[in-house]
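Shown next, in structure tokens, is the structure this report addresses.
The values are calculated or read from the model by the stated rules, or taken from the named source; none is laboratory data. Because the structure is predicted, anything quoted here is derived from the model rather than measured. Here the Cβ positions follow ideal geometry from the backbone for every residue, glycine too, while neighbour counts run over all protein chains shown. The area values use the complete protein model at the heavy-atom level, side chains included, leaving out ligands, DNA and RNA. Shrake-Rupley method; radii C 1.70, N 1.55, O 1.52, S 1.80 Å.
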Amino acid sequence: MRLIIFDASSFMAHFRRFYSNVTSLTYSFPPRNTLAGMIAAVLGYDKEAYYRVFSRDLCKIALAFKVPVRKETLNIKYLNTDSASLPNFRGEKGTVPTNVEFVLPAPPHERLQYRIFVTHFKEEILDELVRRLEARRFVYPPSLGPAYCLADLTLVADTQAETIMAKGEEYEVSTVVREDYGEFVPKEGVKVMLEERLPPDLGPGRTPCSASYNYIYEYSGRPVTVKVVGEVFRVQMRDGNVYGVFM
């Protein structure tokens, strides 16, 4: 299996929980839909046209933490757009203060960094992704959430990975793991977190086409021991074998 690996970094990020409306709470890492949208932006797909191209049956995506993260709530003033007028759009008639939760790197780190693993059924899409990552020429600017959280993308590897169909064996998984994908094995010193109700996959017209899922991860990026039932990939990196599961 061909696997494209790249890093996404930024000073801050926000991945809005789809069920929060009064205050904008955030997930600790980008959901699969957000990652698919980022890749689609790099390649220049229209925001309404990429759902089928990057659906689960054509595209597989995994994510790992490279630095520990923390969250902080800030007060953001948005423009009042309840009615369309020039004074409103300029902010002359007041703004709407909103509490927004952001993901930030934990000290002493200065930037967030996530590692993304991507494979696709169509080789030409992977070829174009590698070409644009190498040249750092993206059709639309990538971001970790809102447009003001611009992201730096760096190609790590264009390599081959081995696919394993696990039947309950233990693996040291470096990526985030869907809660129902296996049984977590507690280990001393490993701080495992639970992220609940990540949004479902979207289809044409932004219609949900799957259930919401819970994920477990180690907040500092260390591997988590999991008795996996399902597909596991193994890729050789400079510091040894890395095991992961797709979102």
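Some points to look at:
- Residue match in the range 64-82 (condition: out of contact with any strand residue (DSSP E or B) (no Cβ under 6 Å at 6 or more places or on another chain) and in contact (Cβ under 8 Å) with a residue 40 or more places away in the chain): yes
- Residue match in the range 138-151 (condition: in contact with a strand residue (DSSP E or B) (Cβ under 9 Å, 6 or more places away or on another chain), surrounded by 14 or more Cβ atoms within 10 Å (Cβ to Cβ) and at positive phi): yes
Let's see how each residue does on (1) out of contact with any Asp or Glu (no Cβ under 9 Å at 6 or more places or on another chain); (2) more than 25 Å from V156 (Cα to Cα):
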| residue | (1), (2) |
| --- | --- |
| D57 | yes, no |
| I61 | yes, no |
| F65 | no, no |
| V69 | yes, no |
| E72 | no, yes |
| K77 | yes, yes |
| D82 | yes, yes |
| N88 | no, yes |
| G94 | yes, yes |
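- Elements of type strands (runs of 3 or more DSSP E) contained in the range 152-247, each with 2 or more residues being open to solvent by less than 40 Å² (accessible area, probe 1.4 Å) and either farther than 30 Å from E134 by Cα or in contact with a Phe, Trp or Tyr (Cβ under 9 Å, 6 or more places away or on another chain) (or both): 152-160, 162-173, 192-198, 213-218, 224-237, 240-244
- Failed criterion for K227 (all others in (1) closer than 24 Å to I4 by Cα; (2) modelled with pLDDT of 90 or more; (3) of a type outside the set (A, V, I, L, M, F, W, C) hold): (1)
- Candidates F18, F11, filtered to the one that is surrounded by fewer than 18 Cβ atoms within 10 Å (Cβ to Cβ), touching a residue at least 24 places away in the same chain (Cβ under 8 Å) and closer than 22 Å to I216 by Cβ: F18
- Qualifying positions in the range 137-185 - free of Cβ contacts under 8 Å to residues at least 40 places away in the same chain and hydrophobic (A, V, I, L, M, F, W, C): A147
- Pairs where the first residue, in the range 35-62, is over 22 Å from T175 (Cβ atoms) and the second is modelled with pLDDT under 90 and open to solvent by less than 70 Å² (accessible area, probe 1.4 Å), C-beta under 8 Å, 6+ apart: E48/G205; Y51/D201; Y51/L202; Y51/G203; R52/G203
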